[in-house]
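The values are calculated or read from the model by the stated rules, or taken from the named source; none is laboratory data. Since the model is a prediction, treat every value here as computed from it, not as a measurement. A quick note on method: Cβ atoms are made from the backbone with ideal geometry, for glycine too, and the neighbour counts reach across all protein chains shown. These area figures cover heavy atoms from the full protein model, side chains too; ligands, DNA and RNA do not enter into them. Shrake-Rupley method; radii C 1.70, N 1.55, O 1.52, S 1.80 Å.
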Amino acid sequence: MDSIYITQVLIFAVAATLHGITGMGFPMVGTTSLSFIMPLPQAIAMMILPSLVMNIMVLLAGKTPHLWQELWAYCRQYWRLIVMSAVGSAVGVWLLLWLPAQYVYAMMALLTFYYAIHGYAQLNHWVKPLAIPTHGGSMLFFGFVSGVAGGASNAMSPLVLMYLFAHTQNKHEIAKVSNLCYLVGKVVQLLLLQKHFAHFDANATQIMVWLTVVSVFFVYVGAKCRDKLGQVFFKKLIYFILLILSLKIAHSAFQAAFFTNS
């Protein structure tokens, strides 16, 4: 494994730890880092297996004595968000395969950057909170739009978190519900991007397995740290991650535009 892939493993280790802590960020970080060494659809396809495993681990993590009852209660409460995430993901995969990558990246970079800056400013009482309604129609809207973003660029996190932060202050609920949305999105991607797995050679398959193993270990480390974080620090950490991700996505947009025009 050469230095490029060793760097990828290190990036995935950090991303997995942060995902275990916050319940978000891993698919976005992993996709943007992989997109520097392979086409975007192939990068998203390679992210499916480690992301699925990660989502399941986050959902199963915690000390709740009645885990399945808890997850079922979240499904009943947020079913509109979860179902529309799946529908939106199908539309997003279609956009991924038909739109130039730079347009998808640029859109998500702007959205993520705005949300991170506004959220941090709101925590410091510099601006008023975003007035996001939390009724059923709003849940359908945010589920669909976040699904489109997730299917097209693995950037579902900002929109899902935007809705959840307006609906609840419980960090465990935010982590669990967001990962339910990510999980159904990954299943949709798995079904619709099957042909890209056929292009994986033995080396690519080996890399995907290594990245999955590393991710599994470090998401467990992150999940163990979550209980030790205060609510304000938890939010600030998420906003900081989103800010860094927005810059990475913007860089990916410039990269895609450069290679497209060259």
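Observations
- Counted residues, the range 14-43 - those being more than 10 Å from I241 (Cα to Cα) and outside any helix (DSSP H, G or I): 6
- The sole residue among V187, V91, V87 that is within 15 Å of the chain's Cα centre (by Cα) and under 22 Å from N55 (Cβ atoms) is V187.
- Residue within the range 111-121 that is open to solvent by 30 Å² or more (accessible area, probe 1.4 Å), part of a loop (DSSP other than H, G, I, E, B) and in contact (Cβ under 8 Å) with a residue 60 or more places away in the chain present: no
- If you go through the range 125-153 and keep only what is outside any helix (DSSP H, G or I), open to solvent by 50 Å² or more (accessible area, probe 1.4 Å) and not basic (K, R), you end up with H125, W126, V127, P129, L130, A131, P133, T134, H135.
- The range 95-105, subset open to solvent by 40 Å² or more (accessible area, probe 1.4 Å) and more than 18 Å from P27 (Cβ to Cβ), residue modelled with the highest pLDDT: W98
- Of all residues in the range 48-66, those that are within 16 Å of T31 (Cα to Cα) have Cβ atoms under 7 Å from Cβ atoms of residues that are at pLDDT 90 or above and open to solvent by 50 Å² or more (accessible area, probe 1.4 Å), 6 or more apart or on another chain, in I48/L190.
- Qualifying positions in the range 147-184 - among the polar types (S, T, N, Q) and more than 10 Å from the chain's Cα centre (by Cα): T168, Q169, N170
- Among all residues of the range 188-195, there is at least one that is touching a Ser or Thr at 6+ places or on another chain (Cβ under 6 Å), in a helix (DSSP H, G or I) and either modelled with pLDDT of 85 or more or not polar (S, T, N, Q) (or both).
- Some residue of the range 224-234 being of a type in the set (A, V, I, L, M), in a helix (DSSP H, G or I) and exposed (fewer than 13 other Cβ atoms within 10 Å of the Cβ): yes
- Among (1) closer than 27 Å to Y114 by Cα; (2) crowded, with 16+ Cβ neighbours inside 10 Å; (3) modelled with pLDDT of 80 or more - the single one S215 does not satisfy: (1)
- Where a residue in the range 218-242 is touching a residue at least 12 places away in the same chain (Cβ under 8 Å) and its partner, wherever it lies, is among the hydroxyl-bearing types (S, T, Y) and open to solvent by 40 Å² or more (accessible area, probe 1.4 Å), with Cβ under 7 Å and at least six apart: K236/Y120; Y239/Y120
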